[in-house]
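Below is one structure; the comments refer to it alone.
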Amino acid sequence: MNPVAGPLARFARRIREKTENNAAPPVLIAALGDSVTQGCFANGVMDFEAVYHHQWWKRLARRYPRCTFSVLNLGVGGQSAPAGLARFADQLLPHHPDLTLLGFALNDAGAGLRGLEAYRKTMDELMGRILGEAGSDLIVLTPNFIASRDNPRVHPDHRQLGYVEKLVPLQTGGVLARYAGVLRELAAARGAAVADVYALWESWEKGGMDPTDRLENGLNHPDREAHRAVADLLDSMMAELVP
């Protein structure tokens, strides 16, 4: 493996180190985010084998068969960027991961456009601390789409709580797209890599697929095929950035 410069330089260096020296520590990936990162699918259904970072871990193991990878799942359902920032010092920093996958926006977007600047500030601080204090490389994930219409997969409990009425306007009104845009801007300013999940879902919509059909819970949790697509996206970034 040739030396790599840029946003994944540490990650590449650690892969090379572990590949060449079996006594070196495993390459550690931390996934910090919300319920999607945690592995939530339908209401009350968890699938840690299907979550995108676990699927990517398996691809990495195939791509680099002499390297050992470990993934720390720091996804917590219902949390937003401030909660992620609050957990940084206790749950992420002590591990000093080689790479952090960062995915917050779905819950933050519930504050609408009025919450956009606070979100920008919090995510900028979180990115800075991951890159600085933790010394970790960083891949920022833009969010998947949320529901753009009512559908029969919405659980009765969620329907009773008015989730359809709360979430649909965030997608159809372009609010979530604005949050995705903030992530792209911050990552560019920080020199971090971006896995543009939102753009992936946009491409599906432009290709004639209804993105709401890819939501396992009918609201905001991607199905297993959508998680697989994110793993493919991450793997394609590795092919480009870490030959």
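Any read-out appearing in this document is the output of simple, stated calculations on the displayed coordinates, not a laboratory observation. Just so it is clear, the model here is predicted, and its values are computed rather than measured. All Cβ positions, even for glycine, are placed from backbone atoms using ideal geometry, and neighbour counts span all protein chains on display.
Here are some notes:
- A Förster radius of 22 Å, combined with the Cβ-Cβ distance separating Gln160 from Asp232, puts the computed FRET efficiency at roughly 0.05.
- Gyration tensor (alpha-carbon) shape descriptor, the stretch 98-243, a/c threshold 1.5: oblate
- In plain terms, the residue of Phe48, Phe11, Phe104, Phe88 with the fewest other Cβ atoms within 10 Å comes first and the most crowded comes last, giving Phe48, Phe88, Phe11, Phe104.
- Of all lysines in the structure, not one has an alpha carbon short of 22 Å from that of Lys166, not counting any fewer than 8 places away in one chain.
- Label-to-label distance, Glu225 versus Thr172, with points set 7 angstrom from Cα along the beta-carbon direction: 2.4 nm.
- Against the chain, whose longest principal axis is taken from its Cα atoms, helix 116-131 shows a tilt of about 20°.
- Cα long-axis angle, helix 52-63 against the chain (0 to 90 degrees, to the nearest 10): 30
- Taking each residue as 0.36 nm, the span from Arg87 to Glu117 lengthens on full extension beyond its C-alpha to C-alpha distance by 8.7 nm.
- Across the options Leu131, Tyr52, Ala195, the greatest Cα extent toward the positive end of the charge dipole of the chain (unit charges at beta carbon of Lys, Arg, Asp, Glu) belongs to Leu131.
- Pairs of alpha carbons in the stretch 79-166 whose separation is greater than 16 Å (percent): 60
- Taking Gly207, Gly132, Gly191 in turn, the Gaussian network model of the chain (Cα-Cα springs below 10 Å) assigns the largest fluctuation to Gly207.
- Fully extended contour minus Cα-Cα distance, from Arg129 to Ala9, at 0.36 nm per residue: 41.4 nm
- Helix 197-206 and the longest principal axis of the Cα set of the chain meet at an angle near 50°.
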